[in-house]
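In what follows, a single structure is set out as structure tokens and then discussed.
The values are calculated or read from the model by the stated rules, or taken from the named source; none is laboratory data. All values derive from a computational prediction rather than experimental measurement. Here the Cβ positions follow ideal geometry from the backbone for every residue, glycine too, while neighbour counts run over all protein chains shown. Accessible surface areas use protein heavy atoms only, side chains included; no ligands, DNA or RNA. Shrake-Rupley method; radii C 1.70, N 1.55, O 1.52, S 1.80 Å.
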Amino acid sequence: MSRISKVVTVTTLMRMKSNGEKIVAVTAYDYPFARLVEDGGIHIILVGDSLGMVVQGRTSTLPVTMEEMIYHTRLVARGAEHAMVVGDMPFMSYQASMPEAVYNAGRFLKEGGAAAVKLEGGAAVCDRIRAMTEAGIPVQAHIGLTPQSVHQMGGFKVQRNEERLLADALEVEAAGAFSVVLEGIPAPIAAKITAQLKIPTIGIGAGPHCDGQVLVLHDMLGLNDRHQPKFVKQYARLGEQAREALRQYADDVQNGTFPGPEHCY
Ligand code: KIV
């Protein structure tokens with residue numbers, strides 16, 4: 001896939017769904033990776049709160065703060081030219097009250113430079129989605145395995161309640177979401193949801209029939225040495241390459257071959 005020539009908007013994504021053109025999304029958390037993702041021709045860069053796990057080394061996304069999310073969103077927005085930047089609302093930035101939810105969503109656009117926000121939940125967050133959308137903030141919903149509810153779900157578990165998932169998907173669409181992430185859902189259920197919605201579905205661990213796919217960048221590039229879920233495909237082993245490069249550098253310094261004459265003034 002080559003670089004995208006036009007800025008990706010909510011209209012682009014709706015058009016892609018109706019043309020049957022797959023949407024490609026990936027997470028990123030800083031400027032250099034946002035540049036690489038842009039060069040890869042990706043349509044959506046999600047500044048995911050997964051940064052709590054893959055960048056901060058935590059065991060869940062729950063401790064991630066608004067300030068951290070705004071900071072990382074700003075770094076990514078600086079590197080994104082055409083891809084749509086979506087800022088992920090962290091745990092407790094939208095749950096406690098409506099004014100706080102809308103205010104925090106607005107910060108992603110105003111201070112972070114994002115074009116949209118994402119939040120987790122179905123029917124339970126529809127009033128938030130409606131209020132944000134009315135304030136001019138495009139919202140991507142996220143249903144199924146919602147990592148911010150890890151304790152409620154009893155772990156990071158595949159969600160299989162078809163009736164509930166379908167109802168959640170239809171409700172977030174009716175509330176004004178421009179797209180919905182389907183995470184950890186059996187492929188046949190994700191296919192049914194995708195067929196019933198007008199807005200694009202973006203799957204992660206939800207099979208091939210979604211309108212698009214998203215992966216966590218550090219998982220797909222081999223930069224995360226923790227346990228990988230079944231749905232991850234590793235496209236590179238950058239962690240191994242980095243380790244080898246660092247070993248080489250250490251050897252060179254210790255045996256006196258770096259710096260060489262070509263590195264000296
Ligand atoms: O935080 C994140 O990276 C996400 C994706 C896994 C969808 O929510």
### Message
Once you keep just the Cα pairs under 8 angstrom separated by 6 or more residues, what percentage relative contact order results for the chain?
### Response
15
### Label-to-label distance, nm, for residues given as residue 235 and residue 151 (7 Å Cα→Cβ offset)
3.6
### Message
At 7 Å along Cα-to-Cβ for each site, give me the label-to-label distance between residue 249 and residue 263 in nm.
### Response
0.9
#### Entry: Accessible area expressed per residue, the chain, with surrounding protein chains retained (probe 1.4 Å, Å²)
49
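Could you give the dipole magnitude of segment 102-148 about its Cα centre, charging the beta-carbon of Lys and Arg +1 and that of Asp and Glu -1, in debye to the nearest 20?
On the way: 5 positive and 4 negative charges, 13 e Å.
Here segment 102-148 has a charge dipole of around 60 debye.
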### Message
If I fit a long axis through the Cα atoms of helix 238-254 and take the longest principal axis of the Cα atoms of the chain, what angle between them do I get, 0 to 90°, rounded to 10?
### Response
20
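Above 20 angstrom, tally the Cα pairs of segment 10-234 and express them as a % of all pairs, no decimals. Mind showing how you got there, number by number?
On the way: 13796 of 25200 pairs.
For segment 10-234, the fraction of Cα-Cα distances above 20 Å is 55 percent.
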### Task
For helix 162-175, report the angle its Cα long axis makes with the longest principal axis of the Cα atoms of the chain; keep it between 0 and 90° and round to the nearest 10°.
90
#### Entry: Degrees between helix 187-196 axis and first principal axis of the chain (Cα, 0 to 90, nearest 10)
60
### Task
Go ahead and set up a Gaussian network model of the chain, Cα springs under 10 Å, then flag whichever of 212, 136, 184 fluctuates most.
136
### Query
Carbon and sulfur: what percent of segment 10-234's accessible surface (1.4 Å probe)?
56
### Message
Just to be sure I follow the rule: in the chain, considering lysines 8 or more places apart or on different chains, how many pairs have Cα atoms under 19 Å apart?
### Response
12
### Query
What longest range of the chain stays clear of loop-exposed trypsin sites (Lys or Arg not before Pro) (DSSP non-H/G/I/E/B, at most 16 other C-beta within 10 angstrom)?
59-156
